[in-house]
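The values are calculated or read from the model by the stated rules, or taken from the named source; none is laboratory data. Given the structure is predicted, the values throughout are model-derived calculations rather than measurements. Cβ placement follows ideal geometry from the backbone for every residue including glycine, while neighbour counts extend to all protein chains displayed. Calculation scope for accessible area: heavy atoms of the full protein, side chains included, ligands and nucleic acids excluded. Shrake-Rupley method; radii C 1.70, N 1.55, O 1.52, S 1.80 Å.
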Amino acid sequence: QVQLVESGGGLVQPGGSLRLSCAFSRNLFRVYTMGWYRQAPGNQRELVATITGAGSTNYADSVKGRFTISREFPKNAVYLQMSSLKPEDTAVYYCTAEGYGSVYWGQGTQVTVSS
């Protein structure tokens with residue numbers, strides 16, 4: 001059974017930082033493109049960032065220069081370092097893994113940016 005377990009969400013003030021973590025249970029971690037998506041209330045789910053097994057990254061324009069996605073192979077983990085957070089970053093953040101024709105989703109972690 002494939003599992004993606006996110007952690008690190010919470011409440012942060014505007015301008016602050018948070019680091020999200022996601023642990024992936026499947027072997028051959030390098031094969032999978034890992035990503036982060038988010039969904040705010042009333043909005044569609046949107047791409048935040050992705051990273052391939054080779055380390056190529058892709059970011060939504062709204063987070064470029066503020067967010068950094070990375071992955072750690074021994075731990076089968078992917079991270080999202082978020083800085084200069086804005087109220088509009090408030091959303092449930094989901095970790096994803098795409099590979100072998102399948103896409104897996106985590107359960108989501110809430111990020112709230114508010115003073």
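Restricting attention to region 14-56, which residues are at pLDDT 95 or above, aromatic (Phe, Trp, Tyr) and open to solvent by less than 60 Å² (accessible area, probe 1.4 Å)?
Trp36
Restricting to region 1-13, name every residue that is open to solvent by 60 Å² or more (accessible area, probe 1.4 Å) and either in contact with a Gly (Cβ under 9 Å, 6 or more places away or on another chain) or among the aromatic types (Phe, Trp, Tyr) (or both).
Result: Gln3, Val5.
Answer yes if at least one residue in region 63-79 is modelled with pLDDT of 95 or more, open to solvent by 60 Å² or more (accessible area, probe 1.4 Å) and β-branched (Val, Ile, Thr), and no otherwise.
Among the residues of region 63-79, at least one is modelled with pLDDT of 95 or more, open to solvent by 60 Å² or more (accessible area, probe 1.4 Å) and β-branched (Val, Ile, Thr), which makes the answer yes.
Return the residues of region 66-115 that are in a loop (DSSP other than H, G, I, E, B), closer than 18 Å to Val12 by Cβ and more than 11 Å from the chain's Cα centre (by Cα); say none if nothing qualifies.
Passing the criteria: Arg66, Ser83, Ser84, Leu85, Lys86, Thr90, Ser114, Ser115.
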